[in-house]
Amino acid sequence: MSVAHDIDTSAELSPNDLEAFWMPFTPNRAFKKNPRLISRAKDVHYYTPDGRAVLDATAGLWCCNAGHGRAPIVEAIQKQAAELDYAPAFQFAHPKAFALANRLGMMAPADLDHVFFANSGSEAVDSALKIALAYWNVQGKGSKTRLIGRERGYHGVGFGGISVGGIVNNRKFFGGLLTGVDHLPHTYNRAEQAFTRGEPEWGAHLADNLESIVALHDASTIAAVVVEPMAGSTGVLPPPKGYLRKLREICDKHGILLIFDEVITAFGRLGFGTAAERYGVVPDMITFAKGVTSGTVPMGGVIVRKPVYDAFMNGPEHVIELFHGYTYSAHPIAVAAGLATLDVYLDEGLFDRARELEGEWADAAMSLKGKPNVVDIRTIGLVAAIDLESRPGAVGARAYEAMDRAFHEYDMMIRVTGDTIALSPPLTISRDQIGGLFDGLGKLLGELS
Ligand SMILES: Cc1ncc(COP(=O)(O)O)c(C=O)c1O
């Protein structure tokens with residue numbers, strides 16, 4: 001096999017052959033007929049290879065909360081690459097990994113103060129599920145193996161994550177998945193909740209379904225419940241008021257671990273370091289990824305409560321306590337990016353900024369009410385979802401066209417799932433840019449058949 005040196009990989013040029021890259025979560029044939037290419041980014045804009053500025057209304061993929069090309073983060077990455085490119089985290093470690101773990105522990109509420117590092121949200125979720133199972137095992141409660149997720153949940157694409165996840169297309173092609181998994185009902189009800197800003201009034205009672213699941217299986221068989229505090233990928237479903245607190249109470253009553261998957265909601269997306277803080281509910285574990293490095297270097301992980309960590313710290317001291325980890329856990333470049341990113345969030349008060357903008361953001365999003373085909377709008381933090389009526393027999397086609405035209409004709413990157421448009425810009429977006437985004441979207445929606 002030879003390595004072709006004659007292929008031009010310069011960022012500014014369009015590739016002349018799109019075939020070899022099997023793109024993830026993308027209709028490959030449609031994309032390759034009319035590609036949406038991005039070659040650079042700065043602040044809240046992407047740039048196409050021909051130099052067109054495109055407003056990033058999605059923080060990449062819910063990642064780039066600090067905006068793009070931020071000098072302190074770029075410099076930290078460059079410096080780290082030159083200083084220490086890689087060090088194993090099995091049996092050895094580099095100092096900055098401990099510094100980042102401490103910083104994350106300080107950011108998380110209560111005694112969530114130990115951090116297990118992974119490289120993505122999917123790995124973070126699978127790590128959390130494995131920690132939950134092992135936690136009960138090391139305490140002699142090996143019968144507690146059942147995992148409870150929720151309909152419409154997204155927890156990445158590992159076998160653990162798709163098993164507890166609740167999105168049918170992510171599950172139905174992949175066989176039997178994990179055994180011993182059950183699901184809570186999702187919390188969305190358009191008739192009761194349409195056009196709600198923030199947490200809906202209706203729906204806290206849905207947490208009581210956990211009691212029914214416990215009654216069916218018995219708590220002695222249940223290890224953990226995992227939910228996204230705000231379901232993101234499935235179309236932005238903010239939690240009903242009081243729902244998460246109820247889940248916590250039921251988990252406490254029956255001795256079940258509660259995991260918040262905060263891969264999207266952490267690092268300011270809802271105006272706080274974590275959704276746990278916003279809702280005043282302390283889970284036993286928080287999974288994170290994306291915003292920890294503002295998307296610059298892959299990193300994920302699990303923040304664990306002290307008693308969970310302590311439960312493993314028994315037995316002979318030379319023996320590994322948790323047989324789990326990744327070659328790139330706490331990769332030096334990711335750690336350096338993480339530390340610099342947390343500094344940017346802190347120095348610029350970006351979590352507070354998201355909180356301050358929440359009302360104006362919601363007003364701007366709700367201005368689309370009444371536009372053609374708009375059947376619901378939901379907002380929370382710096383997130384908005386706009387549900388479009390589906391075209392008969394073509395679910396997703398209208399929103400797909402909106403995304404494609406937004407990019408090519410309106411210079412905006414928006415995200416779609418089914419017929420829902422989801423918006424989650426960098427926390428650095430200006431008020432004017434928010435206005436421009438929703439004006440543009442309003443025009444676009446007016447033009448869509
Ligand atoms: C809540 C949640 N969990 C897990 C993941 C998976 O993260 P990754 O794509 O980094 O594996 C995502 C990704 O969007 C997510 O939103």
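One line per residue, one yes/no per condition, for (1) basic (Lys, Arg); (2) free of Cβ contacts under 8 Å to residues at least 40 places away in the same chain:
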residue: Lys290; (1), (2): yes, no
residue: Thr293; (1), (2): no, no
residue: Gly300; (1), (2): no, no
residue: Val304; (1), (2): no, no
residue: Pro307; (1), (2): no, no
residue: Pro316; (1), (2): no, yes
residue: Gly325; (1), (2): no, no
residue: Ser329; (1), (2): no, no
residue: Pro332; (1), (2): no, no
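Could you list, in sequence order, all residues of the stretch 227-268 that are within 20 Å of Leu147 (Cβ to Cβ), more than 15 Å from the ligand (Cβ to nearest atom) and either outside the structural domain of Gly165 (by TED's automatic domain parsing) or among the charged types (D, E, K, R) (or both)?
Passing the criteria: Lys246, Arg248, Glu249, Asp252, Lys253.
State the number of residues belonging to the stretch 133-161 that are part of a loop (DSSP other than H, G, I, E, B), over 14 Å from Ile259 (Cα atoms) and either aromatic (Phe, Trp, Tyr) or within 12 Å of the ligand (Cβ to nearest atom) (or both).
4
Only one of these conditions is not met by Leu61: (1) modelled with pLDDT under 95; (2) within 16 Å of the ligand (Cβ to nearest atom); (3) hydrophobic (A, V, I, L, M, F, W, C). Which number is it?
Condition not satisfied by Leu61: (1).
Search the stretch 288-305 for residues being within 11 Å of the ligand (Cβ to nearest atom) and of a type in the set (A, V, I, L, M), and hand back the single one that is surrounded by the fewest Cβ atoms within 10 Å (Cβ to Cβ).
Per the stated criteria, the residue is Ala289.
Looking only at strands (runs of 3 or more DSSP E) that fall completely inside the stretch 26-132, which ones have 1 or more residues that are surrounded by fewer than 16 Cβ atoms within 10 Å (Cβ to Cβ) and over 21 Å from the mean Cα position of the chain (by Cα)?
The qualifying strands (runs of 3 or more DSSP E) are 40-42, 53-56.
On the basis of being within 15 Å of the ligand (Cβ to nearest atom), within 22 Å of Leu206 (Cβ to Cβ) and among the hydrophobic types (A, V, I, L, M, F, W, C), does Val164 make the cut?
Considered against the rule, which asks whether it is within 15 Å of the ligand (Cβ to nearest atom), within 22 Å of Leu206 (Cβ to Cβ) and among the hydrophobic types (A, V, I, L, M, F, W, C), Val164 comes out as yes.
Under 8 Å between Cβ atoms, which residue pairs at least 6 apart in sequence (or on different chains) link something in the stretch 344-362 that is touching a residue at least 60 places away in the same chain (Cβ under 8 Å) and among the small types (Gly, Ala, Ser) with a partner that is surrounded by fewer than 19 Cβ atoms within 10 Å (Cβ to Cβ) and part of a loop (DSSP other than H, G, I, E, B)?
Ala362/Gly198
Six or more apart or on different chains, Cβ under 8 Å: which pairs go from a residue in the stretch 122-140 that's in the same structural domain as Ala311 (by TED's automatic domain parsing) to one that's away from the ligand (no atom under 16 Å from the Cβ) and assigned to a helix (DSSP H, G or I)? Could you list them?
From residues that are in the same structural domain as Ala311 (by TED's automatic domain parsing), the pairs are Ile131/Val308; Ala134/Phe312; Tyr135/Val308; Tyr135/Ala311; Tyr135/Phe312; Val138/Ala311; Val138/Phe312; Gln139/Ala311.
The values are calculated or read from the model by the stated rules, or taken from the named source; none is laboratory data. What you are looking at is a predicted structure, and each value in this text was computed from that prediction instead of being measured. Please note: Cβ atoms are built from the backbone with ideal geometry, for glycine as well, and neighbour counts cover all protein chains shown.
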